[in-house]
Structure formats: structure tokens, C-alpha cells
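The block underneath contains the structure these notes are about, expressed in C-alpha cells.
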């Protein structure tokens with residue numbers, strides 16, 4: 001995806017982007033010529049992260065965004081409408097609660113609800129709020145950052161809140177892809193793999209490698225796939 005006929009750079013919104021995979025997605029999209037809004041619940045942390053990527057502030061702008069707060073999401077949509085008039089890419093990266101300590105048979109359902117509110121409903125809120133702006137784009141893309149933990153084929157117990165929320169996010173991906181096909185919006189889920197982040201822990205692959213698959217889905221050509229689940233550009237079993 002490149003600048004359109006007006007010369008404007010494509011605009012990308014990345015949620016949960018002040019660190020880890022989200023921040024690296026911001027970096028790679030900015031390097032590819034995108035104007036990027038870096039979403040962060042803590043605006044000061046977001047601004048510090050944006051300054052790391054783009055010290056001049058011409059390509060990356062931090063915005064306060066709590067995907068679990070409808071008012072925060074609506075405020076973002078109003079800002080984008082006012083200042084840009086459209087969105088080209090939405091990367092739903094914000095996620096919480098990799099609950100390795102829990103099992104489904106004894107899970108704290110309040111924890112599960114909390115995970116769903118960010119990992120599923122957060123992505124849903126953001127996509128709904130920005131959809132009127134996405135359909136104004138010549139090449140709209142939505143990327144839901146998922147996980148192999150959300151693959152029904154490989155589920156075998158453990159991390160119930162995280163796994164159920166990511167499986168539901170995959171289902172949302174399929175529904176949105178089908179409904180938005182007439183509007184040319186490509187919607188895909190991407191598993192970045194086990195990445196060495198605060199959530200993933202030490203020992204994982206480099207963050208840049210995990211983010212690369214997300215950026216690939218965010219910059220697909222117009223005849224690219226939609227409604228898929230990918231890791232390193234290859235399909236993953238649902």
C-alpha cells in the first residue's frame with residue numbers, strides 16, 4: 001500500500017502500541033511510508049515510544065486509547081475524522097492477561113471477562129468506530145493480532161481467558177471479512193508467534209520477526225487474502 005493519488009501517506013492506527021509487538025509494527029509501518037497513530041492507554045508512555053521511533057514527530061503520533069473504554073475509542077474516531085478524514089489500516093494489537101496460572105475448570109470468570117473486554121470487545125469497538133473512516137480508503141485493511149493459543153485445533157487446556165478471547169477474535173475476523181468484502185476491506189488474523197516481549201517472556205523470537213507478519217497483512221495488495229489466519233504469511237489452522 002502506497003500513497004494515494006492525492007499524495008497523502010496511508011494512515012494506520014495501531015492499538016496497544018507503546019511497547020512490544022505493537023511498537024515494532026508502528027516502526028515498520030512508518031518505515032514503509034505510513035502515517036501512524038500509536039495508541040496507548042498511558043499517553044506519556046505513548047509519547048515516549050513515538051519519540052523513539054520518530055524523533056521528529058512527522059510520521060508517528062501518540063494518541064491516548066484505552067480499547068476497553070468506549071468513550072476513549074469514540075474520542076479517537078472523532079480525532080481521526082477531524083484531522084485525517086479517513087483510516088487506511090487498523091491493527092488491533094492491544095491484549096492482556098496471558099493467564100498461564102489458570103485452568104478452564106477453575107477459572108476466575110471475572111478475569112475471563114476482563115480478557116474478553118480488551119482482547120475481543122476492544123478490537124470490535126475500535127473496528128466499529130473506525131469503519132466509516134476505513135471505507136473511505138482506497139485500500140482498507142484490518143489486522144487482528146491473534147495467537148496460536150486461539151487455534152481450536154491445538155487447544156488442550158490452560159490459559160483459558162487468553163485462549164478463549166483469541167479464539168473469539170478469530171471468529172470475529174471471519175465475520176467481519178465476510179460482511180466487509182463488498183466494501184473492499186481485507187480483514188485477517190495474524191499470529192506473531194512466540195515473541196520475546198513483556199507478555200511473551202524471554203526466549204521467544206525477535207520482536208521484529210513477529211511484527212513482520214502483522215505488517216504484511218496490513219499492507220496486502222488489493223487482491224490479497226481476507227478472512228484468513230496467518231503466521232509468517234502462511235495459513236494457520238483455526
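The values are calculated or read from the model by the stated rules, or taken from the named source; none is laboratory data. Remember, predicted model here, so these are calculated numbers, not experimental data. Don't worry about glycine lacking a Cβ; one is built from the backbone with ideal geometry, like all the others, and counts go over all protein chains shown.
Observations
- Long-range neighbours under 6 Å by Cβ, at least six apart or interchain, first residue on the phi > 0 side of the Ramachandran plot within the range 184-195, second surrounded by fewer than 20 Cβ atoms within 10 Å (Cβ to Cβ): 193/205; 193/231
- Looking at 90, 63, 73, just one residue is touching a residue at least 60 places away in the same chain (Cβ under 8 Å), within 25 Å of residue 215 (Cβ to Cβ), within 19 Å of the chain's Cα centre (by Cα) and not in a loop (DSSP other than H, G, I, E, B), and that residue is 90.
- Leading residue by the ranking (nearest to residue 135 (Cα to Cα)) among those in the range 209-219 that are modelled with pLDDT of 95 or more and part of a helix (DSSP H, G or I): 218
- Test result for residue 85, at pLDDT below 95 and either buried (at least 21 other Cβ atoms within 10 Å of the Cβ) or in contact with a helix residue (DSSP H, G or I) (Cβ under 8 Å, 6 or more places away or on another chain) (or both): no
- Residue selected from the range 165-204 under the condition more than 19 Å from the chain's Cα centre (by Cα) and farther than 24 Å from residue 124 by Cβ, by the criterion modelled with the lowest pLDDT: 201
- Exactly one residue among 29, 37, 23 is at pLDDT 95 or above and outside any helix (DSSP H, G or I), and that residue is 37.
- Only one entry of 74, 54, 31, 42 meets the criterion of being in contact with a strand residue (DSSP E or B) (Cβ under 6 Å, 6 or more places away or on another chain) and surrounded by fewer than 23 Cβ atoms within 10 Å (Cβ to Cβ), and that entry is 54.
- Filtered residues of the range 128-148 (kept if touching a helix residue (DSSP H, G or I) at 6+ places or on another chain (Cβ under 7 Å), without any contact (Cβ under 8 Å) to a residue 60 or more places away in the chain and surrounded by 19 or more Cβ atoms within 10 Å (Cβ to Cβ)): 129, 133, 140, 142, 144, 147
- Screening the range 222-238 for residues that are part of a loop (DSSP other than H, G, I, E, B) and free of Cβ contacts under 8 Å to residues at least 60 places away in the same chain and picking the one that is farthest from residue 149 (Cα to Cα) gives 223.
- For the range 98-122, a residue qualifies if it is in contact with a helix residue (DSSP H, G or I) (Cβ under 6 Å, 6 or more places away or on another chain) and either over 15 Å from residue 170 (Cβ atoms) or assigned to a helix (DSSP H, G or I) (or both), and the qualifying residues are 98, 99, 102, 104, 107, 111, 112, 115, 116, 119.
- Look at (1) part of a loop (DSSP other than H, G, I, E, B); (2) modelled with pLDDT of 95 or more and you find that residue 78 fails only one, number (1).
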